1. Contact list please: Cβ distance under 6 Å, first residue in region 138-157 and closer than 11 Å to residue 104 by Cβ, second residue in a loop (DSSP other than H, G, I, E, B) and modelled with pLDDT under 95, pairs at least six apart or on different chains.
2. Among residues belonging to region 254-313 that are modelled with pLDDT of 60 or more and polar (S, T, N, Q), point out the one that is farthest from residue 215 (Cα to Cα).
3. How many of the residues in region 109-135 are open to solvent by 10 Å² or more (accessible area, probe 1.4 Å), out of contact with any Phe, Trp or Tyr (no Cβ under 8 Å at 6 or more places or on another chain) and in contact (Cβ under 8 Å) with a residue 40 or more places away in the chain?
4. When you scan region 122-177, how many residues do you find that are among the basic types (Lys, Arg) and more than 16 Å from the chain's Cα centre (by Cα)?
5. Write out, first by first residue and then by second, each pair whose Cβ atoms fall under 9 Å of each other, whose residues are 6+ apart or on separate chains, and whose first residue, in region 190-206, is touching a residue at least 12 places away in the same chain (Cβ under 8 Å) and within 18 Å of residue 275 (Cβ to Cβ) while the second is open to solvent by less than 40 Å² (accessible area, probe 1.4 Å) and among the polar types (S, T, N, Q).
6. In region 177-204, which residue that is buried (at least 17 other Cβ atoms within 10 Å of the Cβ) and touching a Gly at 6+ places or on another chain (Cβ under 8 Å) is farthest from residue 249 (Cα to Cα)?
7. Residue 132: touching a helix residue (DSSP H, G or I) at 6+ places or on another chain (Cβ under 9 Å) and small (Gly, Ala, Ser), yes or no?
8. Taking only region 224-258 into account, find how many residues are touching a residue at least 60 places away in the same chain (Cβ under 8 Å) and either touching a Pro at 6+ places or on another chain (Cβ under 8 Å) or acidic (Asp, Glu) (or both).
Amino acid sequence: MLFTKDLKGGGINADKGCVSTLAHTMMTAARSVDPGLAGPGELDRYPFAEAPGAERAASPVWDGADTDLGRVGRRTAGSRGRGLHGQLVQQLGQMIVSGDLGADRPLVPEEIGQRFEVSRTVVRESLRVLEAKGLVSARPNVGTRVRPVSDWNLLDPDIIEWRAFGPSRDDQRRELAELRWTIEPLAARLAAGHGREDVQQRLTDMVEIMGHALAQGDAITFARADAEFHNLLIQLAGNRMLEHLSGIVSAALQVSGSPVTGCDRPTEASIAHHGRILEALAAGDANAAEAAMRQLLTVHPEVERVVPAPREH
């Protein structure tokens, strides 16, 4: 959970003054977040760290089909602050999901290491991560190859992000919206039958923080508190299988923007919708909680679509 530690530190029955302090802390942290967008001249570079003053060797030219591996995707927030291993996973993952590296395409570790100037160990560990996500397969005497979309773990948060900012962005966002429509109203209904005051207090805190963020024009803090609200609600449902899907909901909130729902913009209406969910939970009204969640998730096609920056990892 994004803010569980902070909330525990503030106590379960924090008064509004404590909530305001928490909101201020979250806003301050949010303002320091780097959006992760590429600056001028950075789109054609792979974001590996370079030694100060060191001259970067010219990238090797890839012949034939291997020229695709020379294409470098945009710089994402997920690559910042990661080691070479994490950055290479991000880069190769984006290239596979975007189709630059198509199904059954062979991936030669030596060539990848040369292209991205990383060690064999980094390449090997990166390919293992991609294999766990279902993006590649490694077989003796065959090597490592890109797997078809049907084999990908489409519920993996990284793959959700890569699809949402690639050529399949519209399909990914539509599918996420449909999945949320299936998961969250049920979670709200189940949560209404679990009177855990500690979690309900934290839900209330998140709505308070969203209100503070709206007043300050702080969209980042608003989005973070919103994501925490929905994750806590799924926890409150008391269904472990639903709870396992909370990461998908978080990913959906991070990449939302098409289609537009009540969660996509900091507005008084959005806070009111969240407030109605809280009221239904407090009253133990399962029908009202489910209905309020469906209203919150209702798509508003007349609202201009917004494409946010990739999420921070």
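The values are calculated or read from the model by the stated rules, or taken from the named source; none is laboratory data. Everything numeric in this text was worked out from a predicted model, so none of it was measured. Neighbour counts run over all protein chains shown; Cβ positions are idealised from the backbone, glycine included. Ligands, DNA and RNA are excluded from the accessible area calculation, which covers all protein heavy atoms including side chains. Shrake-Rupley method; radii C 1.70, N 1.55, O 1.52, S 1.80 Å.
1. 145/104; 146/101; 146/103; 146/105; 148/103
2. 287
3. Result for region 109-135: 3.
4. Final tally of qualifying residues: 5.
5. Pairs that qualify, where the first residue is touching a residue at least 12 places away in the same chain (Cβ under 8 Å) and within 18 Å of residue 275 (Cβ to Cβ) and the partner is open to solvent by less than 40 Å² (accessible area, probe 1.4 Å) and among the polar types (S, T, N, Q), are 191/200; 202/4.
6. Residue satisfying both the conditions and the ranking: 192.
7. No, not satisfied.
8. 9
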